[in-house]
1. Those residues that are modelled with pLDDT under 90 and more than 15 Å from the chain's Cα centre (by Cα), I need them from region 87-106; list them, please.
2. For the structure I just gave you, tell me whether ARG84 is part of a helix (DSSP H, G or I) and modelled with pLDDT of 90 or more.
3. Could you count how many residues in region 67-80 are at pLDDT below 90 and of a type in the set (A, V, I, L, M)?
4. Being exposed (fewer than 13 other Cβ atoms within 10 Å of the Cβ) and more than 20 Å from ALA41 (Cα to Cα) is the filter here, so list the residues in region 53-100 that pass it.
5. Is there any pair linking a residue in region 27-42 that is of a type outside the set (Gly, Ala, Ser) to one that is modelled with pLDDT under 80 and open to solvent by less than 60 Å² (accessible area, probe 1.4 Å), with Cβ under 6 Å and at least six apart or on different chains, and which?
6. Before we move on, is ALA109 over 18 Å from GLN14 (Cα atoms) and at pLDDT 85 or above?
Amino acid sequence: MQVEQDFLQRQIRQIVQALARITGVAGARLDDRKRREARDAIDRGYEDLLGVERAAIEHVDDASAVMMLGRGDKLDLYIWLLARDAELSEPARASALRERAARLARSSADRAP
């Protein structure tokens, strides 16, 4: 029982640290170095928070992304990461990221009990 509790506490700490890294750099006015740091934090967030590589989930359709992540917290975190990524992206990419986030959010809401 103690081992499980220690494991969960470590997982929670990792999630909090990843969210703090991303939130700390996203949304602010960034020079090129800070923008790269923010992108790196988001990339690490895909692996740390979702357990998937960014490239793997970026290249699948919405339904496949939902299958990879499930309809719970991981999907919500993915939608959040998409929004943070959009804040750092040029307009065309930002628009595409926001659209995907919105579609996934609608899909998640449509299937909620």
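1. Of everything in region 87-106, just one residue is modelled with pLDDT under 90 and more than 15 Å from the chain's Cα centre (by Cα), namely GLU90.
2. no
3. Qualifying residue count, region 67-80: 1.
4. Those that are exposed (fewer than 13 other Cβ atoms within 10 Å of the Cβ) and more than 20 Å from ALA41 (Cα to Cα): ASP61, ASP62, ALA63, SER64, MET67, GLY70, GLY72, PRO91, ALA92, SER95, GLU99.
5. Close Cβ pairs (under 6 Å, with a partner that is modelled with pLDDT under 80 and open to solvent by less than 60 Å² (accessible area, probe 1.4 Å)) amount to GLU37/VAL25; ILE42/ILE22.
6. Values: over 18 Å from GLN14 (Cα atoms): yes; at pLDDT 85 or above: no.
No.
The values are calculated or read from the model by the stated rules, or taken from the named source; none is laboratory data. This is a predicted model, so every value here is computed, not measured. Cβ atoms come from the backbone with ideal geometry, glycine included; neighbour counts cover every protein chain shown. Surface accessibility is based on the protein's heavy atoms, side chains included, excluding ligands, DNA and RNA. Shrake-Rupley method; radii C 1.70, N 1.55, O 1.52, S 1.80 Å.
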